[in-house]
Ligand code: 3EB
């Protein structure tokens, strides 16, 4: 049975079932995570194939964004994208290549990727980005006398500036994680609607981080809020055990997990304060959890189950986080539909694993 599709829906599929999407008009695009990266047979659809390990026993997964809008696929240089009237999902994968000037390969490649994305968004008239996802290898390694995450921050900010975009206040939500190998991968969800940035009162805005964290502050908001198809939606950036601008709970993954969730709760409260009718709830978000050490998974899962107190959609990945002392980072989104778009009417069951209960 095919109920009316929501304007935006997130589905999590085992990567082995990606072929189910063939011929589904509702697919905007997404990202698949496996180690090694699996070659995808996604045709013209914008799907990232990211080299990222899953905790032992978990199957490779794909995150798939769907929309009820009539959609069309396109390409702009190295970007593949798919768009409807109000939403555009795109992705780009670039190998790091050395520029002719003094910039590091990662800095130059990041700047090129973001320049291409902003060009596309200007051409298509999608001026607001709801969310960026950034993945590249060895995020904490130093090269060219600068940590690679910090090189990425320089290239990203230079592209924002080159396109006349603000690098404070009105910036998109994002995450940046270390992958297991390959090039730079960036996925993005953009809209013609107005996106409002949400900051976290417990944290200094990342775009105001002091220079001890790198020569350029990272260009992202703690969350982005939007109203689409009559629903308020919230896209929460990667959230870590940071209060003010400082990392808390060095070496204690359980306490770091609780601090992440306190931060997410504060962002949800701030979003509800801004949009009183929205009613965002911790137990109705879809979560993606990046754990630095696979052996910490059980601890992180337990802390999440205790804090949230209800089964939620949660995907666990093993990835390096952008400060060497951070052991876990959690991102989330809500207000859009979550889960499979249809139910097997003969059994009443959803046809495949789409959500992972915490407990
Ligand atoms: C932090 O709060 C943790 O550079 O795009 C989280 C989310 C982090 C996004 C980014 C980095 C980014 O600073 C790191």
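Any read-out appearing in this document is the output of simple, stated calculations on the displayed coordinates, not a laboratory observation. Worth saying up front: this structure is predicted, and the values here are computed from it rather than measured. No Cβ is skipped: glycine too gets one built from the backbone with ideal geometry, and neighbour counts run over all protein chains shown.
What does the extension gain come out to for residue 211 and residue 298, with contour length at 0.36 nm per residue minus their alpha carbon separation? Numbers along the way, then the final one.
Working: separation 87, 0.36 × 87 = 31.32 nm, distance 3.50 nm.
Full extension from residue 211 to residue 298 adds 27.8 nm.
Take every DSSP beta bridge whose two residues both sit in the chain, then give the antiparallel share in percent to the nearest 5. Working shown, then result.
On the way: 61 of 83 bridges.
Expressed as a percentage, antiparallel bridges in the chain total about 75.
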Two pseudo-spin positions, 7 Å from Cα along C-beta at residue 25 and at residue 325, lie apart in nanometres by 5.4 nm
By the C-alpha gyration tensor axes a ≥ b ≥ c (rounded if a/c is under 1.5, else prolate when a/b exceeds b/c, else oblate), the shape of region 97-248 is oblate
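What is the Cα radius of gyration of region 8-346 over 2.2 N^0.38 Å, N being its residue count? Each step should come with its number before you reach the end.
Working: Rg = 18.5 Å, N = 339, 2.2 N^0.38 = 20.1 Å.
Region 8-346 yields a ratio of 0.92.
What FRET efficiency comes out for residue 194 versus residue 262 if R0 is 25 angstrom and r is the Cβ-Cβ distance? Round to the nearest 0.05.
Details: r = 29 Å, r/R0 = 1.15.
Step by step, r from the Cβ atoms, then E = 0.30.
Would you work out the relative contact order for region 68-151, in percent, from Cα pairs under 8 angstrom that are 6 or more residues apart?
It comes to 18 percent, rounded to a whole number.
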Project the alpha carbons of region 175-263 onto their principal axes and report the range along each, largest first, in whole Å. 43, 34, 27
Structure-based [θ]222 nm, the chain - -39500 (n - 2.57) summed over DSSP H runs of at least 4, per residue, nearest 500: -6500 deg cm²/dmol
Given an 8 Å cut-off on Cα distances and at least 6 residues of separation, report the relative contact order of region 8-346 as a percent. 17 percent
Per-residue counts of other Cβ atoms within 10 Å, averaged by peptide: what ranking do you get for 89-100, 180-191, highest first? 180-191, 89-100
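Out of every Cα pair in region 38-120, what percent are spaced more than 16 Å from each other? Don't skip to the answer; put the middle values down first.
Details: 2153 of 3403 pairs.
Summing the P(r) tail past 16 Å for region 38-120 gives 63 percent.
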Given the Cα-Cα distance of residue 243 and residue 162 and 0.36 nm per residue of separation, how much length would full extension add, in nm? 26.1 nm
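Tell me, in nm to one decimal, what length is gained between residue 73 and residue 123 on full extension, where the rule is 0.36 nm per residue of separation less the Cα-Cα distance? Before the final figure, lay out the partial values.
On the way: separation 50, 0.36 × 50 = 18.00 nm, distance 1.46 nm.
Taking 0.36 nm per residue and subtracting the Cα distance, the gain is 16.5 nm.
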